[in-house]
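What follows is calculated from the coordinates using simple rules that are stated; it is not laboratory data. Everything quoted here is computed from the prediction, not taken from an experiment. Backbone-built Cβ (ideal geometry, glycine too); neighbour counts: all protein chains shown.
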Amino acid sequence: MTAGELSDIGRPDGHGAFALWRAMTAADLDRILAIADIVHPDYPEERSVFEERLMLYPAGCRVAECREKAIGYGVMHPGKLGVPPPLDTPLGRLPADADCLYLHDIALLPEARGTGLGAAVLGYAHGLAAREGWRWLALTSTPGARSYWDRVGFAPYEGGGAALAAKLASYGGGMSYMTAPVRA
């Protein structure tokens, strides 16, 4: 366990509990889908999408647990800058010429927000991307999460043109494709 994987999470009753990011397994998928239903009700994805991401790139699939209860997850995989994958669609395979780590989804239950878990999984993403030799993290932000991504160093991607605009429109209104340089 590294410092970036352990985060203190406070509780309203004043007691502290520790939350841990760990590798996701297939046994976690029911809990992951339940969290996704709570956190992203407007952007549903089929179980098969999560199963495929886990199969294709297990190093990018994480679960946050507190007292043996899943309270969040992170799914990330190799990608191409300016080319986000379609929502709720299998990838088929990872790009052979990947140049970034794409943050498909980082979701925390409301009680897990503001605890440092987001920063911890982002630290993990930066380390993973650095080990793979990529210089960029990329993501598609929902309208409600945009200010968070701005605060943690992401900025709107300046390329992509009409193809990227069309892809973002297919996700729904107000989406932003954003990137951040990898911190070594």
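Structure values in brief
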quantity: Dipole magnitude (debye, nearest 20) for the stretch 3-181, charges at Cβ of Lys, Arg, Asp, Glu; calculated: 300
quantity: Furthest towards positive pole of dipole, Tyr57, Ala34, Ala70, structure part the stretch 31-71, Cβ charges; calculated: Ala70
quantity: Pair Ser48, Ala119: separation of 7 Å Cα→Cβ label points (nm); calculated: 4.1
quantity: Amide H contacts of Tyr102 (H built 1.01 Å from N, under 5 Å, at least 5 apart or other chain); calculated: His77, Gly79, Ala138
quantity: Selection from Ala129, Ala23, Tyr43, by position along the positive dipole direction of the chain (Cβ); calculated: Ala129
quantity: Per DSSP, loop trypsin sites (Lys or Arg not before Pro) in the stretch 67-123 with at most 11 further Cβ within 10 Å; calculated: Arg67, Arg93
quantity: Lys/Arg +1, Asp/Glu -1 at C-beta; the stretch 3-181 dipole; positive extreme among Val152, Gly174, Thr89; calculated: Val152
quantity: Given 11 as the ceiling on other Cβ atoms within 10 Å, longest exposed-site-free region of the chain for GluC sites (Glu not before Pro) in DSSP loops; calculated: 69-157
